[in-house]
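Okay, structure first, notes after.
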Amino acid sequence: MKKWYSFLEVLSFPLKMLFIAIICYGIGNILTSPTYEWLFVIKNEYIILCAEALMRISQFFIVYFPIMCLFRLVSRRINGFTTIITGIIGYVTFLVFTIYFQMTTMPSYAYASILGISVTSSNIAAIANSVKYPIQTGLIGVIVVTVFTRIAYKQSRKRLVNGFFSFIDKDILAVLLNALYCALAGIVFAIGWPRLFNVYYGIIEFIAKDSTNPINLTIYGILDRTLSVLNLGSLIRQPFWFRSMGGSVMNMVGESIVGDVNMWNGVVNSGIVSIQAGKYITPYYVLNIFAIPGMLLAFSILNTDKIEKRKHRLFFLLAIIASMFTNILVPVEIVLLLLCPVLFIFHLLYSGILFGLFHMMGVYLGYLTTNTNVIAAPCGTFLEWLTYFTNANYKMDATMVLIVGLISFVIYFVVTLLFFNFLASDIFNTGKTDIVAKGMIDAVGGGANIKMIYSSVNHLTVQVFDSTLINPRKIQQLGAVKLYETKAGFIIDYGCGSRIISRAMNKELRKSIR
């Protein structure tokens, strides 16, 4: 778990970039979307130009978030530029080989022009006379390339400078080795990925065959959130949002409209009331407007350091507003996955249950859009919910979303507090927490050396009288991910168990005073 928690620190920069990009995209969408014309109308072309430019830039960072993760995962303090270039070449090699060794054809949404890579012509009969794109592998492909990049770099450092190929230095050898490994990985993925996709396709076909079954919709919800975290959301959203798996309806002129989002647009624009369109979107209103804000509020309360609390209060307020207006589910879910996997699993299950619950209740609120880029889709936001709440045709559905949302807010708030206060460490009460707490007190110079102990969701802060008494090695042996000194004191990153460890340390200190 210590190694697992460390990834949160490593990926903090890409996650912050993703968070900012989503907010910027959401702002641009609010300023340009015709959905909000009832609230305001912007006619100034310069504002529209800036908003659209902001959306395009933000969309780039959202779509290529896995590549930012690749840069961060392969970078090193020494020779960082070399490892990043090695990783880029490895990733491009991996993508190109997934094109040339494709054995079977998958649906078009299983491919993507990543970094503009494609093959438009070839002398090979299997891929001639058609445009071919790399297979979408999301963060899975990035993780594979990261592993091989690190292996290739370590192997290249062992090379002796003497020999027939002495003109190939260690850095070039790392690039060549990684290109070879990633080419082999690309071949394996090109052959094996379609087989895995066939299994997955069987699951979504099963969901689509009986989309009136709440269990099927629950499975859909869990799959949707899981794939979105892996940057593979298009694999499930494209077939259900814009294709026949999401259902079909005949419009007023006899044309067939397929896909849940397309159907919802048709329903709203024609003034027809509920035909069960929007069932693949409705839970997002609860998750974005109520559930995630409830969790973020709990995170804020869990911070006991008054100085840190003031500093992060603005951030949590901004995050809550961003969740309500722009949909920041993915970065929050990745943080949950890396910080507290148990809470992430709870979130997945709860999200899935919402899909089934709303269908059982007959409550449907969809997503008005013509943009088929599903990765950056800001669906289920407060302003769109308000649009339906002020519409007589959808006010009842919007009211039910409000009721379920308020209940979800309380559930997420309470579950988050309970988890970090009682379940994040030593859940079976084996005494490990007390052992770590006593060891941590000794490692910081004993109880007499401690001024104050504060905590948050992922670290504890210890203020001491004499910093020379700190034993960093022992602190790391006790499971700490990172130790560093700030003006507030020594920050000890102990993952999601930090608050429980902090409370146990304070308890031991009170005992010693008695």
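Structural remarks
- Taking the chain as a whole, the Cys residues whose C-beta sits 4.7 Å or farther from every other Cys C-beta are Cys24, Cys50, Cys69, Cys182, Cys379.
- Each peptide among 495-501, 38-44 gets the average number of other Cβ atoms lying within 10 Å of its residues, and from highest to lowest they stand as 495-501, 38-44.
- Relative contact order for segment 1-150: 22 percent, from Cα pairs under 8 Å spaced at least 6 residues apart, divided by residue count.
- Averaged over its residues, the chain has an accessible area of 48 Å² per residue, based on protein heavy atoms and a 1.4 Å probe.
- Length-normalised contact order of the chain in % [C-alpha pairs under 8 Å, at least 6 apart]: 15
- Sites Leu469 and Lys511, calculated FRET efficiency, Cβ-Cβ separation with R0 30 Å, nearest 0.05: 0.90
- Net charge dipole, the chain: roughly 1960 debye, given to the nearest 20, about the Cα centre with Cβ charges of +1 for Lys and Arg and -1 for Asp and Glu.
- Solvent-accessible area assigned to carbon and sulfur over the chain amounts to 65 percent, based on a 1.4 Å probe.
- The simple Förster model, with R0 at 60 Å and r as the Cβ-Cβ distance, assigns Glu37 and Lys158 a FRET efficiency of 0.40.
- With loop membership from DSSP and a limit of 14 other Cβ atoms within 10 Å, the longest segment of the chain without GluC sites (Glu not before Pro) is 256-514.
- Extension gain for Val258 to Leu317 (0.36 nm times residue separation, less C-alpha to C-alpha distance): 17.3 nm.
- Per-residue [θ]222 nm for the chain (sum of -39500 (n - 2.57) over DSSP H runs n ≥ 4, rounded to 500): -20000 deg cm²/dmol
- In this structure, the pairs whose alpha-carbon distance is over 18 Å, taken from Lys3/Lys487; Lys2/Lys306; Lys438/Lys507; Lys209/Lys279; Lys154/Lys474; Lys451/Lys487, are Lys3/Lys487; Lys2/Lys306; Lys154/Lys474.
- Entry for P(r) over Cα pairs in 10 Å bins from 0, in percent (calculated from the structure that is shown) out of [x] 4, 18, 25, 20, 15, 11, 6, 2, 0; [y] 4, 16, 24, 24, 19, 10, 3, 1, 0; [z] 3, 17, 27, 27, 18, 6, 1, 0: [y]
- Förster-model FRET efficiency, 45 Å R0, Ile407 and Arg195, C-beta, rounded to 0.05: 0.60
- Accessible area per residue was computed with a 1.4 Å probe on protein heavy atoms; Lys474 scores about 70 Å².
- Residue ranking by accessible heavy-atom surface, 1.4 Å probe, largest first, among Lys3, Lys395, Lys170 comes out as Lys3, Lys395, Lys170.
The values are calculated or read from the model by the stated rules, or taken from the named source; none is laboratory data. Being a predicted model, the structure only gives us computed values, none of them experimental. Don't worry about glycine lacking a Cβ; one is built from the backbone with ideal geometry, like all the others, and counts go over all protein chains shown. Surface areas here come from the heavy atoms of the whole protein model, side chains and all, with no ligands, DNA or RNA. Shrake-Rupley method; radii C 1.70, N 1.55, O 1.52, S 1.80 Å.
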